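The block underneath contains the structure these notes are about, expressed in structure tokens.
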């Protein structure tokens, strides 16, 4: 199913903001961090799989047992090759606020200003911090933060989706029975990719956006 967003003035403004942000050189004092989440169903085998042999691949029964759901919060600093993945039971606003709190007071405690790239999920906005921490604590936590939101129906502009795609292909594309196993697997992949400083190269510029999308832009007068 396709979801086609109108390329309104707001869409262009948000897109230009992100493309300008991505074009900046890497900065330790002002890191750019893209954040997203992914829900995952935990699945057990209904019967013990047959192990691999020298001439045959491993085999598993087509039946499986559902074992609940879980959530992954993913934060990636694309140009630094740094990512942080947290497995949580839920993805509500309290969980999201706790994840951001850990980022800001832990990994990025020394940064002067932190640019957070987010989509428009209702748990991603300032009010959730006020609700979860109280206005005074939220203001203290977010004093170094600048939020950048993707246009509506344009989460492709969030590079965290690229990292989630890699995580899905290399780690999540199989049956995982528990959060403990999932956290162990995710930690191992995260550590390996961080040690190798696997960066994300973003080559889509404002000029290219105008060239490819310009004929679809909605003018200010039409808005």
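We did not get these values from a lab; they are worked out from the coordinates using the rules stated. No experiment lies behind these values; they were computed from the predicted model shown. Cβ atoms come from the backbone with ideal geometry, glycine included; neighbour counts cover every protein chain shown.
With the cut-off at 1.5 for a/c, could you classify region 125-189 from its C-alpha gyration tensor as rounded, prolate or oblate?
On the way: a/c = 2.98, a/b = 1.64, b/c = 1.82.
Since a/c reaches 1.5 but b/c is at least a/b, the shape of region 125-189 is classed as oblate.
Fully extending the segment from residue 192 to residue 219, taken as 0.36 nm per residue of separation minus the present Cα-Cα distance, adds 5.1 nm.
A Förster radius of 22 Å, combined with the Cβ-Cβ distance separating residue 144 from residue 210, puts the computed FRET efficiency at roughly 0.10. Spin-label model, residue 65 to residue 203: label points 7 Å out along the Cα-to-beta-carbon direction sit 4.8 nm apart.
Between 194, 67, 56, the GNM of the chain built on Cα springs shorter than 10 angstrom shows 56 fluctuating the most.
Where does the chain land at 222 nm, in deg cm²/dmol rounded to the nearest 500, when only DSSP H runs of n ≥ 4 count, each adding -39500 (n - 2.57), divided by all residues? Each step should come with its number before you reach the end.
On the way: 7 runs with 73 residues, N = 223.
Calculated mean residue ellipticity at 222 nm is -9500 deg cm²/dmol.
Shape of region 89-176 from its Cα gyration tensor (a ≥ b ≥ c, root eigenvalues): rounded if a/c is under 1.5, otherwise prolate when a/b > b/c, or oblate? Note, shape of region 89-176 comes out prolate. Each peptide among 23-34, 130-141, 203-214, 97-108 gets the average number of other Cβ atoms lying within 10 Å of its residues, and from highest to lowest they stand as 97-108, 23-34, 130-141, 203-214. What shape does region 24-90 have by the C-alpha gyration tensor, where a ≥ b ≥ c are the square roots of the eigenvalues, rounded means a/c under 1.5, and otherwise prolate means a/b greater than b/c and oblate the rest? Taking the square roots of the gyration eigenvalues as a ≥ b ≥ c, region 24-90 is oblate. For the chain, the share of alpha carbon pairs falling in successive 5 Å distance bins from zero is 1, 6, 12, 16, 16, 15, 12, 9, 5, 4, 2, 1, 0, 0 percent.
With 21 Å as the cut-off, how large is the P(r) tail for region 30-149, expressed as percent of Cα-Cα pairs? When every Cα pair of region 30-149 is considered, 49 percent fall beyond 21 Å.
Of the DSSP beta bridges with both residues in the chain, give the percent that are antiparallel, rounding to the nearest 5. Could the numbers behind the result be given before it?
Working: 20 of 28 bridges.
Here the antiparallel bridges make up roughly 70 percent for the chain.
The distance separating the Cα centre of region 93-119 from that of region 51-77 comes to 30 Å. FRET efficiency for the pair residue 89 and residue 53, taken as 1/(1 + (r/R0)^6) with r the Cβ-Cβ distance and R0 = 30 Å, rounds to 0.20.
A crude spin-label estimate for the pair residue 28 and residue 110, with each label 7 Å from Cα along the Cβ direction, gives 0.6 nm. Projecting label points 7 angstrom from Cα along Cα→Cβ for residue 181 and residue 135 puts them 4.8 nm apart.
In percent, rounded to a whole number, the relative contact order of the chain is 31, using alpha-carbon pairs under 8 Å and six or more apart. Using a Gaussian network model of the chain in which every pair of alpha carbons under 10 angstrom is joined by a spring, one finds that among 199, 53, 13 the greatest mean-square fluctuation is at 53.
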